[in-house]
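One structure below.
The values are calculated or read from the model by the stated rules, or taken from the named source; none is laboratory data. Worth saying up front: this structure is predicted, and the values here are computed from it rather than measured. All Cβ positions, even for glycine, are placed from backbone atoms using ideal geometry, and neighbour counts span all protein chains on display. Ligands, DNA and RNA are stripped out before the accessible areas are found, and what is left, the full protein with its side chains, is counted by its heavy atoms. Shrake-Rupley method; radii C 1.70, N 1.55, O 1.52, S 1.80 Å.
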Amino acid sequence: LLDPTNNSHPLLPAIHKAIKHNDLTESECLTHFESIFSETVPTYLKASFLEAERLKRESPTENQTCFDIMWSHSQHHTTSCPFIIDFANAYDGMNRNLYLTPFIACLLASIGFPCILHGIDEVSPKKGQNPYKLLKLANKNPLLPPEKVISQLENPDIGWGYLDQSYSSPTIHSLKECRTLMVKRPILATLEKILQPIRSTQTTLIITSYTHPPYKQKMTDLFNHTYSSKKTITKELLVRGMEGSIQCDIDRRTPYVFMDQEKAPTTDFISPKDIGINEYPRTQPNYDYTEKDSLEAGVNALKNTPGYARDLILYNAFLIITLSGL
């Protein structure tokens, strides 16, 4: 891997180039990112390539080309719902906070805003709490086929659903082992969450997140790419939430970018006090939280039990409605 004269496999020159912090050309991107999805390429080479790219930091061309390739390896379904909110959360979940995103979706669905969640059973590096694990713990089936999930979205008595990556993109799903071999999140983690497995034929609001500040611009560039390539996102809300998730905490202000095809982007901050919710004191991360803790807290919040979980769910629902002009 470290010998630049070793070209015994077609992927090795790309690895050597990335190790030197040199970006790939568009034609190289098309060849080498496509090879990630080939069963004939050894897993260790795929992991090495993705690791080198992440350490280098992917260029806009690399991000956009890989997105288009991943899009082609995914299935995309539509719903008759005139409006849908796509909760594009990081698939590896959270491991030091309560995971309450599914309950935000429940609340929004209950007042007429259908919400789709999507993800995977477990993936590196966090292997944290996620919708799959909470649904499983609640004795629900997280492996419903797309047509059943769409029927839940279109049912006004439900209005939300979860679609697993094993349905939306079996090819990407098959790379779980490769990702386990890596230390850092690969480009796959950046892009898989915005592949829109179920979209509205009219208006889709996608809510996603970033962790490190440079990815704020990278995600904005990707949104612009989806506009130009007509991937039918019509509104985007990008936030820097808890653990890089879309779940915004109520102990601080949250930076955000809102993009609408019809308007100029809005970049600003929002805090709980902006919409009449008191900020909570800052707390230390709690690595002892489990799916059971999140499930109990979320269910109690939906029963209107006062406290942190209820206020966080209310804040996030109001944040989405306020910033996106719903």
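Just a few scattered comments:
- In summary, strands (runs of 3 or more DSSP E) completely within the stretch 80-172 and bearing 1 or more residues that are modelled with pLDDT under 95 occur at 83-87.
- Count - residues of the stretch 281-307 that are open to solvent by 70 Å² or more (accessible area, probe 1.4 Å) and among the hydroxyl-bearing types (Ser, Thr, Tyr): 3
- For the stretch 246-264, the count of residues that are under 16 Å from Asn89 (Cβ atoms), β-branched (Val, Ile, Thr) and open to solvent by less than 20 Å² (accessible area, probe 1.4 Å) is nonzero.
- Considering His21, His76, the condition of being touching a residue at least 12 places away in the same chain (Cβ under 8 Å) and open to solvent by less than 70 Å² (accessible area, probe 1.4 Å) is satisfied by His76 alone.
- Enumeration of residues in the stretch 308-326 that are of a type in the set (Gly, Ala, Ser) and either assigned to a helix (DSSP H, G or I) or touching a helix residue (DSSP H, G or I) at 6+ places or on another chain (Cβ under 9 Å) (or both): Ala309, Ala317, Ser324
- Taken over the stretch 38-73, the residue count meeting the criterion of being open to solvent by 50 Å² or more (accessible area, probe 1.4 Å) and in a loop (DSSP other than H, G, I, E, B) is 3.
- Where a residue in the stretch 1-13 is closer than 15 Å to Lys46 by Cα and its partner, wherever it lies, is exposed (fewer than 12 other Cβ atoms within 10 Å of the Cβ), with Cβ under 7 Å and at least six apart: Pro13/Asn7
- Within the stretch 196-222, considering residues that are part of a loop (DSSP other than H, G, I, E, B) and out of contact with any His (no Cβ under 8 Å at 6 or more places or on another chain), the one most open to solvent (accessible area, probe 1.4 Å): Gln202
- The set of residues in the stretch 179-195 that are of a type in the set (Lys, Arg), open to solvent by less than 30 Å² (accessible area, probe 1.4 Å) and in a loop (DSSP other than H, G, I, E, B) contains only Lys193.
- When restricted to residues that are assigned to a helix (DSSP H, G or I) and either out of contact with any Cys (no Cβ under 9 Å at 6 or more places or on another chain) or free of Cβ contacts under 8 Å to residues at least 24 places away in the same chain (or both), the stretch 273-302 contains 13.
- Matching residues in the stretch 308-326 - criterion: being touching a residue at least 12 places away in the same chain (Cβ under 8 Å) and either open to solvent by less than 30 Å² (accessible area, probe 1.4 Å) or over 22 Å from the mean Cα position of the chain (by Cα) (or both): Tyr308, Ala309, Asp311, Leu312, Ile313, Tyr315, Asn316, Ala317, Leu319, Ile320, Leu323, Ser324
- Residue check, Val239 within 18 Å of Asn63 (Cβ to Cβ), β-branched (Val, Ile, Thr) and buried (at least 19 other Cβ atoms within 10 Å of the Cβ): no
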